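The values are calculated or read from the model by the stated rules, or taken from the named source; none is laboratory data. These numbers come from a predicted model, not from an experiment. No Cβ is skipped: glycine too gets one built from the backbone with ideal geometry, and neighbour counts run over all protein chains shown. Note: areas computed on protein heavy atoms with side chains; ligands, DNA, RNA excluded. Shrake-Rupley method; radii C 1.70, N 1.55, O 1.52, S 1.80 Å.
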Amino acid sequence: MVDLDSEVPPLPPRYRFRDLLLGDQGWQSDDRVQVEFYMNENTFKERLKLFFIKNQRSSLRIRLFNFSLKLLSCFLYIIRVLLDDPTQALGCKELHRSCSNQNYTPGTIDWSPIIWVNRSLPLWGLQVSVALISLFETLLLSYLSYKGNIWEQILRIPFLLEIINAVPFIITIFWPVLRNLFIPVFLNCWLAKHALENMINDLHRAIQRTQSAMFNQVLILISTLLCLIFTCICGIQHLERAGNRLTLFDSLYFCIVTFSTVGFGDVTPKIWPSKLLVVIMICVALVVLPIQFEQLAYLWMERQKSGGNYSRHRAQTEKHVVLCVSSLKIDLLMDFLNEFYAHPRLQDYYVVILCPTEMDAQVRRVLQIPMWSQRVIYLQGSALKDQDLLRAKMDDAEACFILSSRCEVDRTAADHQTILRAWAVKDFAPNCPLYVQILKPENKFHIKFADHVVCEEEFKYAMLALNCICPATSTLITLLVHTSRGQTAPWEAFRQLTGTKQTLNRESQQSPEQWQKMYGRCSGNEVYHINLEESTFFAEYEGKSFTYASFHAHKKFGVCLIGVRKEDNKNILLNPGPRYIMSSTDICFYINITKEENSAFKKHEKHRKNHESKLSYHGASRLPVHSIIASMGTVAIDLQDTGCRTSRGPTLALPSEGGKEGRRPSIAPVLEVADSSSLQTCDLLSDQSEDETTPSDEEVSAGLEYAKGYPPYSPYIGSSPTFCHLLHEKVPFCCLRLDKGCQHNYYEDAKAYGFKNKLIIVAAETAGNGLYNFIVPLRAYYRPKKELNPIVLLLDNPPDMHFLDAICWFPMVYYMVGSIDNLDDLLRCGVTFAANMVVVDKESTMSAEEDYMADAKTIVNVQTLFRLFSSLSIITELTHPANMRFMQFRAKDCYSLALSKLEKKEREKGSNLAFMFRLPFAAGRVFSISMLDTLLYQSFVKDYMISITRLLLGLDTTPGSGFLCSMKITEEDLWIRTYARLYQKLCSSTGDIPIGVYRTESQKLTTSESREMASQSQISINVEEWEDTKDTKEQISYRSNHRNSTSSDQSDHPLLRRKSMQWARRLSRRVPRHSSKTAEKINQQRMNLYRRSERQELAELVKNRMKHLGLSPAGYDEMNDHQNTLSYILINPSPDTRLELNDIVYLIRPDPLAYVPNTAPSRKDSFCNTVGQDTREETQL
């Protein structure tokens, strides 16, 4: 049997413990040879070079020793000067002369005090020792650094100075007569300066830190200045030994006075060598110092551009966040700073901006303001460089915000840069929280590791989609995510801006600017959170249903409870419904003017409240019962004592003419714990109460029976699955084209399809993956099937196949290649049958030479749409929010001009939303994605804001969480009267939670404004009706009557009458005289053109194009535009706010899948029960 041990070689010494102890003794007979590898040549010279030059640490020690020697030699020279007596200067014995009896005479110089000095033996011994060591070190370093040119080594200034200062001392060893010879040892200060520079360089190399050029330059400047002064002091003092015999202090005084250009003249050199030295030193200073100052100034300017460093000491003692951007614009900076520092607990934070580009001039001016200069630090650098991340102290930062450049033409490339920045920061500082903004949804999955991510196109398209079914959703979300101060527009200030008289509205008996007061007050509402057991608002509702807690909290405190989150669950539930029981560990999310921690509660006495309860209602202008005083500090809320009221609430009598026989006179109470009988029918939603589970014969014949399920195909990775209305079979791609027929259908325009509901048209440049998020919220399972609007995508470029594969499963979704610039394309896509037109900002126009001109094309196109189709609701996306003042622009509208002045005043006051009173923004007709940048900023303090916003927009669907919808107040619903009763009605019947009201009012214009609008060819209904009733046969009499009526109407306006008379005289002077027949013909043509208004011209143009395209002009709507109406949002209004006709109430409706009734609902049941049964049957199938 073979011995295995003989075949296995023994272990090497490093693997055996015995060999580790005994060493290599057992391996002496081994044939193997140990080989040592060296990185450098293993010669004596190379080893010396490694020790003295190459090795950073040893070289640093050598240079530190050399620097100490030079300082010691200078110190010994000063000691020699202090101990020296010029009268006892001795040379050799042959040259010995006494100087005690000699007097100085002009023109004669005694050179012996200059050549000879008195040097004691111990001092001489020390100086000789220092000289020997210095000379030996200098020769050794010259030998080690020799590279073939010996003259280069010899003629170096440090080598020459070393020879001058060291060789004479060595000569005195062998020739003692020269022991008292003067040697300029003070020149060693320049060698000390040279050693200090080398030492600093080696120090940076040894500790492996970034060398600061600014620090080195300052060090060089200071050392140069000290060397010049020290050289001048020592030189003047020594030369004046033969003159004034100055001390070191006198020489110092003289040099400082001379170099500072003061020149008192009390101390001056007497002999010409001293004067020559002063001249030389001044010339050297005039040459050397300006060069040093110039280099220092250049480095200072470069440092100002790059921003320097954020100190490590400050990073460890103070808190800071880092903002990484590709290019910093002034709007982006101010939005970030205003929103970030709006929170009180962030006032002590520093903001470090890391940007690769040079600071903009506007940004530089802003950062010089004392309010920002002490808290904002700009660093020019790249997030991909660890060196720049170290400068920003990223590893010590509280958070890092990475923003994309949305103005780039190639948005995909901008996302790639953002992704790399996020990866670099995560690699450098893994524990730093990341807040990332991304543009394209398909790139979102690359940064899933980030703590908070906002995808611009996801939020944008979902918000624009909800704007079509819930008006002004974009304004609602924008106001909720901004830190507003609840700003109001005082009537007196606005009256001065408009120049109008204070008149009362006949319908509401209030001033036209009352809407600004209500809108501004309600805009201060935000979303806050608090633990239920720690809350005064909600602690008493532990163990009760969610709807009960929401209703009574709003009734008692004026706060709106919208959602909860369990302690052991990260998912937020918006309005989980009456089945949800509140727990003490729940986190409550509520809407209020301020958070509970900043509120003070005052409970009034019962007799005072009884007196207040007896007060009658004085119309809509009456102040709310709950007095809410909004400020940045504390909010005082007056509470009502609800103990004296019955559990069923107030009993309201029905209006005498508005009520129905079947309507109950009172509203059912909201039960503490809901059961199956607590969800009663809701007459407010009767339009949605029909049973959708049983399709009609028309739907079956038309193939409109839809299924419910998850879309089988998503265009990008990372989209949240949403339960939607889907087709049983996907539509062929050819059938998705709206304007072209195929073998499956022959329709070529929108009217041929015969849609029952009006269209929703989306005008975009390309069919990006983000457009998928526009379709999903409009086809969500909780939308009634009969209310689904057809969606038409008007695209400049044909869509990709993968996008068509994603949308072909959704019902009534079509696309068409065209542009809003072309009227024919608009007519083919069915703009005359559309309810909403969404104009998406084009990527190709987002970048322009002048930033704010990026929206020029979009604004002009929308203005054309507004003039051609006045009844169309147009929702526009802009790049810059400041350009919304041009939407539906009317140059001579006094009301809009007054709002413009009001916006300027709000901006001067530092408002975060200076444009909030603009009519297009208040009505939700304009939106800019930059307004949602604050959503990312707010998530630093409120980490739940992104989740809540995604739930509201339908981007995420959490089981048991509700969704945002709306309902319209009709005449049959006005019996409810107040917002509090509506809150109770919804909570007790369907479990809905109202969060706000969208109100539309008529805008009353003065006579002068209407005249100005008529003068610029705007439509005036009264003028058209008056023209239609006049007799057109007698032109001359008609003209005179018209002039008389006009003059009578203008009698109250002298300015207008004066202008019209001037215009008539000027016209009469310019028009030449003709014959009577010619004049009558010209007058008839003029009156025909006058009667033809601009609206008629536009209507005729549209009808002619429709006839040319073969479309029937019957569908063209010539309704009047909405120029005389204004709309605005009231977020969480006070409980006693009066409901008005056509008010649209924003609701958070419970998840229909969370509650499935036990009994089969009738055809008159509420919408919640209907959708619940419908969903149950579909999911079972």
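Summary table below
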{"quantity": "The lone exception for GLN153 - which of (1) farther than 17 Å from LYS70 by Cβ; (2) open to solvent by 40 Å² or more (accessible area, probe 1.4 Å) it fails", "calculated": "(2)"}
{"quantity": "Qualifying positions in region 135-183 - aromatic (Phe, Trp, Tyr), more than 60 Å from the chain's Cα centre (by Cα) and modelled with pLDDT under 85", "calculated": "TYR143, TRP151"}
{"quantity": "Inter-residue pairs, beta-carbon under 7 Å, first under 25 Å from ASP841 (Cα atoms) and in region 783-802, second of a type in the set (Gly, Ala, Ser) and open to solvent by 20 Å² or more (accessible area, probe 1.4 Å), 6+ apart", "calculated": "ASN789/ALA835; ASP796/SER819"}
{"quantity": "Pair list, Cβ under 6 Å, 6 or more apart: region 921-936 residue over 13 Å from LEU878 (Cβ atoms), other residue open to solvent by 10 Å² or more (accessible area, probe 1.4 Å) and in a helix (DSSP H, G or I)", "calculated": "ASP933/ASP335"}
{"quantity": "Every pair of residues 6+ apart whose Cβ atoms lie under 6 Å, when the first sits in region 357-381 and is closer than 15 Å to MET301 by Cα and open to solvent by 30 Å² or more (accessible area, probe 1.4 Å) while the second is assigned to a helix (DSSP H, G or I) and modelled with pLDDT under 90", "calculated": "GLU358/LYS305; GLN380/LYS305; GLN380/SER306"}
{"quantity": "Verdict on LYS708 being open to solvent by 20 Å² or more (accessible area, probe 1.4 Å), touching a residue at least 60 places away in the same chain (Cβ under 8 Å) and among the charged types (D, E, K, R)", "calculated": "yes"}
{"quantity": "Inter-residue pairs, beta-carbon under 7 Å, first at pLDDT 80 or above and in region 881-904, second acidic (Asp, Glu) and in a helix (DSSP H, G or I), 6+ apart", "calculated": "ASN883/ASP855"}
{"quantity": "Output for region 761-795, where each listed residue is within 19 Å of THR879 (Cα to Cα) and assigned to a loop (DSSP other than H, G, I, E, B)", "calculated": "GLU765, THR766, ALA767, GLY768"}
{"quantity": "Residue in region 398-418 that is open to solvent by 10 Å² or more (accessible area, probe 1.4 Å), in contact with a strand residue (DSSP E or B) (Cβ under 8 Å, 6 or more places away or on another chain) and without any contact (Cβ under 8 Å) to a residue 60 or more places away in the chain present", "calculated": "no"}
{"quantity": "Those residues of region 942-966 which are among the aliphatic types (A, V, I, L, M) and modelled with pLDDT of 90 or more, in sequence order", "calculated": "MET945, ILE946, ILE948, LEU951, LEU952, LEU953, LEU964"}
{"quantity": "Hits in region 178-194 (condition: assigned to a helix (DSSP H, G or I) and in contact with a strand residue (DSSP E or B) (Cβ under 9 Å, 6 or more places away or on another chain))", "calculated": "ASN180"}
{"quantity": "Region 217-238, residues that are open to solvent by 30 Å² or more (accessible area, probe 1.4 Å), modelled with pLDDT of 85 or more and aliphatic (A, V, I, L, M)", "calculated": "ILE222, LEU225, LEU226, ILE229"}
{"quantity": "Within region 320-346, tally of residues that are aliphatic (A, V, I, L, M) and closer than 20 Å to ARG421 by Cβ", "calculated": "7"}
{"quantity": "Selection from region 263-294 of residues that are touching a residue at least 60 places away in the same chain (Cβ under 8 Å) and either exposed (fewer than 12 other Cβ atoms within 10 Å of the Cβ) or not in a helix (DSSP H, G or I) (or both)", "calculated": "LYS270, ILE271"}
{"quantity": "Any hit, region 75-93, residues being more than 15 Å from HIS238 (Cβ to Cβ), open to solvent by 60 Å² or more (accessible area, probe 1.4 Å) and at pLDDT 85 or above", "calculated": "yes"}
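Table: residues versus (1) modelled with pLDDT of 90 or more; (2) under 34 Å from the mean Cα position of the chain (by Cα); (3) β-branched (Val, Ile, Thr); (4) buried (at least 22 other Cβ atoms within 10 Å of the Cβ).
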| residue | (1), (2), (3), (4) |
| --- | --- |
| ALA763 | yes, yes, no, yes |
| LYS786 | no, no, no, no |
| LEU794 | yes, yes, no, yes |
| ARG828 | no, no, no, yes |
| ALA835 | no, yes, no, no |
| THR858 | no, yes, yes, yes |
| GLN863 | no, yes, no, no |
